[in-house]
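A.B. asks: I have a structure I would like to understand better, so I am pasting it below and will then ask my questions one at a time.
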Amino acid sequence: MELDHSPAGENLGGTHPWSDPVRWLFVPWTLFVLYPVVLVTTVFWGILAILLAPLSQRAAFQCGTIWAWCLAWASLIWVRVEGREHTRPEQSYVILTNHQGDFDILALYGFLHRQFRWVIKQELRKVPFLGWGCAAIGHIFVDRRNSQAAIASLEAAKPRLAGGVSVLFFPEGTRSPDGRLGPFKKGGFVMARQLGFPILPVSLSGSWKILPKGCLFPRPGIIRVRIHPPVDPVDFPEDEDLMEVVRGVIAAGIDEESSI
């Protein structure tokens with residue numbers, strides 16, 4: 001299936017999720033297949049990640065990868081990745097990507113084929129098995145209401161980011177309600193300068209149609225993950241210029257139509 005391009009990353013939605021008849025058709029599948037799979041896989045792979053993490057956080061990370069594969073399969077989601085040739089396995093990056101919906105996590109975790117630690121809100125640490133597993137693996141929890149505590153969490157995570165282990169930010173800070181690319185926050189860009197890592201821009205397309213913000217019932221679809229060439233922060237003395245360039249790259253890679 002050929003996926004169309006949206007050069008500006010503008011509004012990609014606008015219709016109510018329940019106006020889609022395909023979503024209605026898959027409600028029984030969601031209730032009787034997907035939700036049980038979510039429960040079983042989250043408990044199983046979360047426990048296994050917790051047990052493996054003291055031995056190897058890299059090995060524990062793979063539990064999350066398999067968890068994401070299972071949920072993508074159970075959700076009837078196809079993930080297409082392009083641009084892996086722009087990365088080097090031994091290089092660590094600050095990965096910056098747009099955030100269209102919850103299924104972004106499955107697409108990145110299961111199909112990016114890179115070790116990373118993502119920056120997530122502190123509240124998720126309390127989610128049974130999921131949050132516990134993420135904490136054991138070494139993902140970075142930040143308190144968005146306390147900037148000093150958030151900075152301290154990022155500082156504490158720096159030693160874990162080496163040897164090809166990257167850090168992943170959603171620079172918009174929250175999911176898009178309609179597919180629009182929102183304004184970016186500075187945290188990921190500041191950390192890229194502090195770590196001396198190149199920024200790896202990634203464009204995600206399609207997950208906003210699969211599960212819009214506020215909706216509990218996904219529909220089948222395609223998520224496209226487009227990896228762009230790295231951007232070196234050293235080439236941009238001003239943060240505002242760096243943010244504008246990276247945001248423009250991500251916006252240009254967002255497709256308008258990428259679901260079935």
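The values are calculated or read from the model by the stated rules, or taken from the named source; none is laboratory data. What you see is a predicted model, and the numbers here were worked out from it, not measured in a lab. Neighbour counts run over all protein chains shown; Cβ positions are idealised from the backbone, glycine included. We work out accessible area using only protein heavy atoms, side chains counted, and drop any ligands, DNA or RNA first. Shrake-Rupley method; radii C 1.70, N 1.55, O 1.52, S 1.80 Å.
A.B. asks: Within the accessible area of the stretch 159-253, what % is carbon and sulfur when the probe is 1.4 Å and the other protein chains stay in place?
C.D. replies: 58 percent
A.B. asks: Next up: Applying the Karplus parametrisation 6.51 cos²θ - 1.76 cosθ + 1.60 with θ = phi - 60° to the phi angles of the stretch 181-193, what ³J(HN,Hα) value in whole Hz is obtained for each residue in order, glycine and proline being reported as x?
C.D. replies: For the stretch 181-193, the Karplus curve yields 7, x, x, 9, 8, 7, x, x, 6, 5, 5, 4, 5 Hz.
A.B. asks: Relative contact order for the chain: what percent, with Cα pairs under 8 Å and sequence separation of 6 or more?
C.D. replies: 30 percent
A.B. asks: Moving to a separate point now. Please report the net charge: other residues with Cβ closer than 12 Å to the Cβ of residue 96, K and R +1, D and E -1.
C.D. replies: Combined, the nearby Lys, Arg, Asp and Glu give +2.
A.B. asks: Once neighbouring chains are kept in place and the probe is 1.4 Å, which whole percent of the accessible area of the stretch 106-149 is contributed by carbon and sulfur?
C.D. replies: Within the stretch 106-149, the accessible surface is 58 percent carbon and sulfur.
A.B. asks: Can you list the residues, at least 5 places off or on another chain, whose amide H is less than 5 Å from the amide H of residue 80, using H built in the peptide plane?
C.D. replies: Here 223, 224, 225 satisfy the definition.
A.B. asks: For residue 158, list the aspartates and glutamates whose Cα falls under 19 Å from its own Cα; do not include residues on the same chain fewer than 8 positions away.
C.D. replies: Those aspartates and glutamates meeting the cut-off are 90, 143, 232.
A.B. asks: Which order do the peptides 119-127, 166-174 come out in when sorted by mean C-beta neighbours inside 10 angstrom, highest first?
C.D. replies: Order by mean packing, descending: 166-174, 119-127.
A.B. asks: How many angstrom separate the Cα center of the stretch 112-140 from the Cα center of the stretch 185-248?
C.D. replies: Here the two parts' Cα centres lie 18 Å apart.
A.B. asks: Right, another one. List every residue whose amide H lies under 5 Å from the amide H of residue 170, counting only residues 5 or more places away in sequence or on a different chain, with H placed 1.01 Å from N in the peptide plane.
C.D. replies: Those qualifying (amide H under 5 Å, at least 5 residues apart or on another chain) are 119.
A.B. asks: In addition: Give a residue-ordered list of calculated ³J(HN,Hα) values for the stretch 234-245 (Karplus: 6.51 cos²θ - 1.76 cosθ + 1.60, θ = phi - 60°; whole Hz; x for Gly, Pro).
C.D. replies: 4, 6, 10, x, 9, 4, 4, 5, 4, 4, 5, 5
A.B. asks: Quick one: accessible area per residue over the stretch 111-260, 1.4 Å probe, rounded to a whole number of Å²?
C.D. replies: About 43 Å² of surface per residue is accessible.
A.B. asks: Still on this model: Give me the percent of accessible area attributable to carbon and sulfur for the stretch 31-83, probe 1.4 angstrom.
C.D. replies: Exposed carbon and sulfur together represent 79 percent of the surface.
A.B. asks: Check the straight Cα-Cα distances from residue 213 and name the lysines below 18 Å, setting aside those fewer than 8 residues away within the same chain.
C.D. replies: 121
A.B. asks: If you don't mind, there's one more thing I want to ask. With only Lys, Arg, Asp and Glu charged, each at its Cβ (+1 for the first two, -1 for the last two), find how big the charge dipole of the chain is about the Cα centre; round to the nearest 20 debye.
C.D. replies: 1000 debye
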